[in-house]
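Working notes, beginning with the structure itself.
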Amino acid sequence: MPVNEPHGAAQAAAPGGATAGARPGTAEWEPRIIGFCCNWCSYAGADLAGTSRLEYPPTVRVIRVPCSGRVNPQFIVRAFQKGADGVLVAGCHPGDCHYSTGNYFTRRRLQVARRFLEYLGIDPRRLRITWISASEGQKFADTVREMTEEVRALGPNRVMRDELWAAN
Amino acid sequence: MGGELKTASGGMTGVRSGVGSELAERAAGLLAGGEVRMFLGYGAGRTPLRVRPRHVLRPEAAGGLVWNEFCAPSLAKYLLEEQEEEGRVGVLVKACDLRAVKRLVADRRVERERVLLVGVGCPGVVDAGKVEALLARAVPGEMVEEAGVRDGVLVVQTRSGVREFPREEYLLERCLHCEDPNPRDVDLFVGPEVAPWPARPHDYAEVAEVAALGAAERAAYWDRQFARCLRCFACRNVCPACSCRECCFDVWEPMWLPREVSVSEQYMFHFTRAFHVAGRCVDCGECERVCPVGIPLMKLNRALQKEIAELFGVERPWEPQEKEPLAMYTPDDPDFH
Amino acid sequence: MPEANPMMPHLARIEEIVAETASGDVKTFRVQFLDPEVPFSHLPGQCAMVSVLGVGEAMISISSSPTRPRPLELAVKQVGRLTTRLHEMEPGDVIGVRGPYGNHFPVEDMKGKDLLFIGGGIGLAPLRSLINYVLDNRGDYGKIDIIYGARSPGDLCFKRELYDEWPAAPDTRVLLTVDRGDEDWKGAVALVPHFLEQVHPDPQGKVAITCGPPIMIKFTLESLKKLGFADEQIVTTLELKMQCGIGKCGRCNIGSRYVCLDGPVFTLAQLKAMPAEY
Amino acid sequence: MRCLERKDLRAFLDKLASTASLVAPVREDGVVVFRPVPSGEQVELDYVNPVRSAKEFFFPQTEVMFRFLPSPMASITPVEPDRQIVLFGIRPCDLAALSLLDEVFLGGDYRDAYWGRRRELTTLVGLACERPDESSCFCTAFGITPGTAEGADVMLYPAGDWLGVEVLTPKGQALVDGALPGAGEAGEAGERVKQEYLNRAVPLGERVRPGELSKELDDRFDDPYWEEASRRCLGCGICTYLCPTCHCFLVTDVAKRDDGVRLRCWDSCQFKDFLLMAGGHNPRPTRKERTRQRFLHKLNYFVHRYGRYLCTGCGRCVQHCPVGLDMATVIADLRGVTQHA
């Protein structure tokens, strides 16, 4: 999966020496969050957060998607499998979809997926789905900050985590 | 324990013996008249508690068809394979099986006009797995010599004696929820209609039980269930809602499901299987019935039914809908909080 | 040859990559084992299990002759995941090789006989091993006819040998054909089985060795029968999906025969005694 | 033969668990499976056979063969099994299955290092069948009985309030010396119990006799039966994955940027992509060919290669095939006999 950092995001935030995703259980452990951002709104919002020099923790790896409707729920499972402690899905506000209706479908589908993942044992705080427009740089930064704090309090995710590498 | 006890392999039990011969005659007639090229029904199984699917191709072979309380398997999924060949296929359906056929038709995988639906009123079928497990504890190893249902009681004879099982104990889970045991909108109906019995509501009690656990306990619960999974794909192959021409689990690129088996990948498998049928599951429970290692798959499917019912007001999510709940939206759908 | 752990590949470096066809869909990889002491000696017709670490393994026939043992040469057509990754590799890249596996062409039984090779497309790869083996032991064998066809002139593999080396060898003919020619093509335009019938070889004292795509093999066998070749005079080599190469994974059986152990080389007489599941 | 009081069985298992990794049957959500257990308390003693066979402890469903670094760094690091286990409660059919798979994995020119190593590391404590399942067990069809100890290191023969303990190998001797130092001798009573197990009839096994079926099948590749039977096959892998003698696998790599593992994973001849080749050619394209492959492999091809049937009558396919396309049924069908009285 290609990981694209928003241009601004790379310069933003002061990591304070912390390495996101360092070995769980060690003092410097920081949550690792995968952020699926829609190209038209949320990715631009993340970009704005960066160019506005808004501070937020460097815990999120952004994956740009054409629309939040592109986020197959299997992507979310895969992220948790491969080491994400949290997953953020961000799209245009309902009604503002670049493709008219994509995010309406997302809203239905991911409502169900989120509850289902909770049923399978994923703490719902680890999966946040939210609407962030291109002008909401502040909301992007706030979302990442809030989510990082919540996930940090929860500690590393173990549910669904791929242990093949550790087990052998 | 006296009285006459008819065996399943001998044909019918109780009042339904008439249905059996009527069925055989109708099937033979349909085949002889060229109305169908094949008739899908049931034949005797390996024990009196079991039947096996039977593909009848010649009128002479229709005599081997049986209909009784042991006819649990749904035959709907066979229609998919039979679409490959020209001609119409007759299939025996219970009310629950009809939902499965409707699913396949709604998904445009089976052409309605290429199927001749022969409906039968169903008194509720025996969960052979459940009964065998009870027998295994009571009379370990003993073969079932005869079995039959009389007045709502399953009577099973083994070497050491006769055992009786009340309806609630022997019925397949889906039958407990059955609201109408007579299939409607079929092409033919054989035998008499069966009077409905008090159906248990779809209250999702088994889902609530799991949901009530803490997050860590829920994960531990599913870890344990999934760790037994063989990845044999029986749940998928038997499912009337799993009818993709190419299943994502069989694809190598992209590799949706790596071939290695780990608890992590089992989550991917079971999440995907359940989610792909979310809003389309007909609640037949065939997946759970065939699972050889006892994974409670319906607790996954039902959880999704419950969510869809609660979130979008779909009252009967197990009925094939006009529009699939997850392939539509309304502007005022509930938002995330 | 039994080893400590037969599933462990030996690392081998790609020394050189030669594009065989105009489109580049067939390339020959010349490889050397990192450890020169690796015991790997094959006979014509045998195969090697080739690893692209990170993708997996595939059975590839060895196209170099044991008379010219190193570098080992593997001619590979790009068809699936592994071969695509292999085609993306460059000289200096490292692959894994284990083997050699399977039986080989009956080089002893062929001694003193005339040999008729009939190849199609990438099917020339295993035949090339035998052709060069025979040419390097020229005195042991009779006349050699090499009939080879491809879809187009650009699809002919091993061109230097086809055009220069083999025709120059004593008592050796190379007869080429293509399905579709182009403005420069002066040779025959015919499907291999038809071309074979035109060439009309006399079966007397001959062994026919054929390899190519399944459909070509099917009709070539029919043509050979028409020409009067006996089942025992016809040798072919099969390809089936394989995972282990050593008779454990249960995949490449045709009836009770395993292609990886009992094949890939079979006479038509042997094939006829097996179920037609290949 | 030694004698172990039934009341001391848990203590014996505790002892095994404290000295090695003990793997034994446990009842989990109503299903009996082999699992590592910390003590004798968890061990289920009332079972016919665990639903998943014991083969996975020698041929895991997913097995790491080696680790590697991809090209251009390219290196390979062997991974060898190193966990010593004591497997308790294995039945004669599964023991026989291991010896059949020994032929595959250890026979011929190539010895499978992983299977071989796991076999060496494991001590097998067999348990004679007190109550074979009359409607699915058919071991006697293949010359195995509820008391066949072949392949076990130690065999236990339950007899009311005691068990006969037969030591069969040096490994078994070491195990018994360590865990049963004070056990008495079972004497003649022990031999008698053993004989009773060896002579016990298994009803389905009496009816389903393969006899000369293997030879007859040489000429039945094109039998219309395959078409007819395969129609009801679901194409799932229950039979092959539950089977203690099925051993097909695929090889696949899993790689991260800087590390990788080569795995072998169970595969099933019943899956449609089993023989699908990169070019799209599939020598067994329909369920008919795949069904035929499964049964002919076990009843004919394997016999040609190894001289034995590749089935031990464990009955798992009989119990779990959702459509009754199991080994007992197919043998009976092919021989034209009625399976059930």
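Normalised by the residues of the range D:289-341, what does the relative contact order come to in percent, with Cα pairs under 8 Å and at least six apart?
Relative contact order here is 21 percent.
Cβ under 10 Å from D:GLY190's Cβ, D:GLY190 left aside: what net charge do those residues give with Lys, Arg +1 and Asp, Glu -1?
Neighbourhood net charge equals -1.
List the residues whose amide H sits under 5 Å from the amide H of B:ASP107, counting only those 5 or more places along or on another chain, with H placed 1.01 Å from N in the peptide plane.
Those lying under 5 Å, H to H, from B:ASP107: there are none.
Using the beta-carbon distance between D:THR169 and C:VAL79 and R0 = 56 Å, what value does 1/(1 + (r/R0)^6) give for FRET efficiency, to the nearest 0.05?
The calculated FRET efficiency here is 0.70.
Mind checking the per residue accessible area of the range D:175-265 for me, 1.4 Å probe, whole number of Å²?
On a per-residue basis, 43 Å².
Among the trypsin sites (Lys or Arg not before Pro) in the range C:120-160, which ones are in a DSSP loop with at most 16 other Cβ atoms within 10 Å of the Cβ? Mind listing them?
Working: sites: C:ARG128, C:ARG138, C:LYS143, C:ARG151, C:LYS159, C:ARG160; in loops: C:LYS143, C:ARG151.
Sparse-neighbourhood loop trypsin sites (Lys or Arg not before Pro): C:LYS143, C:ARG151.
May I ask for the angle, rounded to the nearest 10°, between helix B:298-312 and the longest principal axis of chain B, with both axes built from Cα atoms and the value confined to 0 to 90°?
Helix B:298-312 sits roughly 60 degrees off the main axis of chain B.
Which order do B:GLU132, B:GLU111, C:GLU88 take by accessible area at a 1.4 Å probe, largest first?
Working: B:GLU132 45, B:GLU111 85, C:GLU88 110 Å².
If we order B:GLU132, B:GLU111, C:GLU88 from most to least accessible, we get C:GLU88, B:GLU111, B:GLU132.
Summing +1 for each Lys or Arg and -1 for each Asp or Glu, what net charge is found among the other residues whose Cβ lies under 11 Å from the Cβ of B:PHE271? Please list the in-between numbers first.
On the way: positive: A:ARG78, B:ARG273; negative: B:GLU265.
Local net charge: +1.
Once amide H atoms are built 1.01 Å from N in the peptide plane, which residues 5 or more positions from A:GLU30, or in another chain, come under 5 Å H to H?
HN-HN under 5 Å from A:GLU30: A:GLY21, A:ALA22.
The range D:1-66 to the range D:269-340: how many Å between their Cα centroids?
Cα centroid to Cα centroid, the span is 29 Å.
Among D:GLY178, D:GLY190, D:GLY315, determine the one that fluctuates most according to a GNM of chain D built with springs between C-alpha atoms less than 10 Å apart.
Between D:GLY178, D:GLY190, D:GLY315, it is D:GLY178 that shows the largest mean-square fluctuation.
Antiparallel versus total DSSP beta bridges in the range B:1-200: what percent is that, nearest 5?
Counting only bridges with both partners in the range B:1-200, antiparallel ones make up about 65 percent.
Can you list the HN-Hα couplings for the range C:15-27, worked out from phi with the Karplus curve (6.51, -1.76, 1.60; θ = phi - 60°), rounded to whole Hz and with x for Gly and Pro?
So the Karplus estimates, Gly and Pro as x, are 8, 8, 10, 10, 6, 8, 10, 4, 7, x, 7, 10, 10 Hz.
So how do A:ILE33, D:ILE76 rank on accessible area, 1.4 Å probe, biggest first, that is with the largest at the start?
Listed by decreasing accessible area, they come as D:ILE76, A:ILE33.
Explain nothing, just compute: Karplus ³J(HN,Hα) = 6.51 cos²θ - 1.76 cosθ + 1.60, θ = phi - 60°, for every residue of the range B:96-113 in order, whole Hz, x for Gly and Pro.
These are the phi-based 3J(HN,Hα) values: 5, 5, 4, 4, 5, 5, 4, 4, 5, 6, 4, 7, 6, 9, 10, 8, 3, 6 Hz.
Can you list residues from other chains, or at least 5 along the same chain, whose modelled amide H is less than 5 Å from the amide H of B:LEU116?
B:VAL89, B:GLY90, B:VAL91
With r defined as the distance between the Cβ atoms of D:GLU188 and D:THR286 and R0 fixed at 51 Å, what FRET efficiency is calculated, to the nearest 0.05?
For D:GLU188 and D:THR286, the calculated efficiency is 0.30.
Loop-only trypsin sites (Lys or Arg not before Pro) in the range B:78-178, please: DSSP not H, G, I, E or B, and at most 13 other Cβ atoms within 10 Å.
Hits after loop and neighbour filter: B:ARG108, B:ARG159.
Pairs on different chains or at least eight residues apart, Cα atoms closer than 26 Å: how many lysine pairs in chain B fit?
Taking the Cα cut-off of 26 Å, the pair count is 20.
Could you give the semi-axes, largest first, of the ellipsoid that matches the range C:10-101, computed as the square roots of 5 times the alpha carbon gyration tensor eigenvalues and rounded to whole Å?
19, 14, 13
In chain D, what % of DSSP beta bridges are antiparallel (nearest 5)?
75 percent
Take every Cα pair under 8 Å in chain B that's 6+ residues apart, average their separations, divide by the length, and report that relative contact order as a whole percent. Mind showing how you got there, number by number?
Working: 547 pairs, mean separation 49.7, N = 337.
Over chain B, the number comes to 15 percent.
Going by average Cβ neighbours within 10 Å, how do the peptides D:45-51, A:115-121 rank, with the highest at the top?
The most tightly packed comes first, giving A:115-121, D:45-51.
Ignoring ligands and nucleic acids, what accessible area does B:LYS306 show with a 1.4 Å probe (Å², nearest 10)?
Near enough 50 Å² of accessible area.
Per residue of the protein assembly as shown, what 222 nm ellipticity follows from adding -39500 (n - 2.57) for every DSSP H run with n ≥ 4, rounded to the nearest 500?
Result for the protein assembly as shown: -8500 deg cm²/dmol, rounded to the nearest 500.
Are there cysteines in chain C with no second cysteine's Cβ under 4.7 Å away, and if so, which?
Within chain C, the cysteines lacking a partner Cβ under 4.7 Å are C:CYS47, C:CYS157, C:CYS211, C:CYS252, C:CYS260.
For the range B:205-327, calculate the relative contact order in percent as a whole number, restricting contacts to Cα pairs under 8 Å that are 6 or more residues apart.
28 percent
Per residue and in Å³, how big is the convex hull formed by the alpha-carbon atoms of the range C:176-223? Spell out each step's value before the answer.
On the way: hull volume 3.9 nm³, N = 48.
In the range C:176-223, the Cα hull volume divided by residue count equals 82 Å³.
What do you get for the angle between helix B:215-227 and the principal long axis of chain B? Use alpha-carbon atoms, 0 to 90 degrees, nearest ten.
50 degrees
So in the protein assembly as shown, what percent of DSSP beta bridges are antiparallel if you round to the nearest 5?
Around 60 percent antiparallel, to the nearest 5.
How much accessible area does C:ILE17 have with a 1.4 Å probe, in Å² rounded to the nearest 10?
For C:ILE17, the solvent-accessible surface is approximately 40 Å².
If I take R0 = 41 Å and measure r between the Cβ atoms of D:ASP161 and D:VAL79 in this structure, what FRET efficiency does the formula 1/(1 + (r/R0)^6) give, to the nearest 0.05?
For D:ASP161 and D:VAL79, the calculated efficiency is 0.35.
With every protein chain left in place and a probe of 1.4 Å, what is the accessible surface of A:ARG128, to the nearest 10 Å²?
Spelled out: A:ARG128, probe radius 1.4 Å, area about 50 Å².
Under a 1.4 angstrom probe, counting protein chains only, how are D:GLU28, B:GLU35, B:GLU253 ranked by accessible area, largest first? Could you put the intermediate results ahead of the total?
Values: D:GLU28 25, B:GLU35 95, B:GLU253 135 Å².
My answer, sorted largest first, is B:GLU253, B:GLU35, D:GLU28.
The values are calculated or read from the model by the stated rules, or taken from the named source; none is laboratory data. Just so we're clear, the structure is a prediction, and the values are computed from it rather than from any experiment. Virtual Cβ from ideal backbone geometry, glycine too; neighbours counted across all protein chains shown. Note: areas computed on protein heavy atoms with side chains; ligands, DNA, RNA excluded. Shrake-Rupley method; radii C 1.70, N 1.55, O 1.52, S 1.80 Å.
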